[in-house]
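Take a look at the structure set out below.
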Amino acid sequence: MKKSLNSRMRRILCLVVCMLLLVSSASCKSDEKTGGESSQDAENSSKDGASDKGQTDKNDQEKRPRNDERDKERADAEKTRKRFLDPELVQSIRAQSGLISLPPPEVTRLLHRADLRDVMLYTGPISTEPLPGRTPDSLYNAVRFAMGNELGCSLQRWVFPFAHDLVLHFEEYVDTMYEPEEEPRLDAATYFSTVAGVRMVVMRHGASRSMIQLSCTESLLSQRQLRTLSERVISRL
């Protein structure tokens, strides 16, 4: 009887040990599986993060040109708005449309008889007269300084509502001049020419949107003296 009991106890102990081994083995496999899944999840998360970052960088690169274009459009619109708020420009456009009547551009204060005597050393009579040809209007004016029987000097001024009109007209005018000689200057784009006994200088002044032509009898002054007179004119615009 005692031997039978001992035999049963051994069998029970063996069964308990086997069950414990099975449970331990299953737990290890579960841990290994969980660890593998965690590692895979971390790897996938890393890949997703890199992919998202790459997509974000790509979107930023695609947006940047569009933003630059918008900034340029805004700057152009602001420039146009300011240009059309320029009182002188508004007045000029209204005058061209016949809505108002503007006086001719100022010329009498740009060149004085005292300048001619000082620079040209001329001591004879000087009279101020209208220059024959085009009638003065809101975009053009001229004055002539007659010196004895000579032509003397004449000053003409054209004004333009837009800067590109000034540049276009100036370039076309220079193309009609006889052997124009360009002179680099900071105050105005300048060309000299001498033809038929007349020295002339044509200048483009951007700030006042003006084109100036100063012409004098060749025998009365040198090109250096003409240059000095032209600098005085530009300084008064």
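Each value in this text was obtained by applying a stated rule to the coordinates, not by laboratory testing. Computed from a prediction, not measured in an experiment: that's the story for all the values here. FYI the Cβ positions are ideal-geometry reconstructions off the backbone, even for glycines, and counts take in every protein chain you see.
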Packing rank of 181-189, 166-174, where each peptide gets the mean count of other beta carbons within 10 Å, highest leading: 166-174, 181-189
Report ³J(HN,Hα) in whole Hz for each residue of the stretch 142-147, in order, from the Karplus equation J = 6.51 cos²θ - 1.76 cosθ + 1.60 where θ = phi - 60°; Gly and Pro get x. 7, 8, 10, 10, 7, 10
Can you tell me how the stretch 113-235 classifies by the Cα gyration tensor, rounded, prolate or oblate, using a/c under 1.5 as the rounded cut? prolate
A chain fully extended from Asp175 to Ala196 at 0.36 nm per residue, minus the present Cα-Cα distance, gains in nm 5.8 nm
Within-12-Å neighbourhood charge of Val143 [Cβ basis; K, R +1; D, E -1]: +2
Cα→Cβ-extended label distance, 7 Å offset, between Arg70 and Asp165, nm: 3.6
Label-to-label distance, nm, for residues given as Asp137 and Arg109 (7 Å Cα→Cβ offset): 2.5
Please give the length that would be gained between Glu129 and Gln225 if that part of the chain were fully extended, namely 0.36 nm times their separation in residues minus their C-alpha to C-alpha distance (nm, one decimal). 32.4 nm
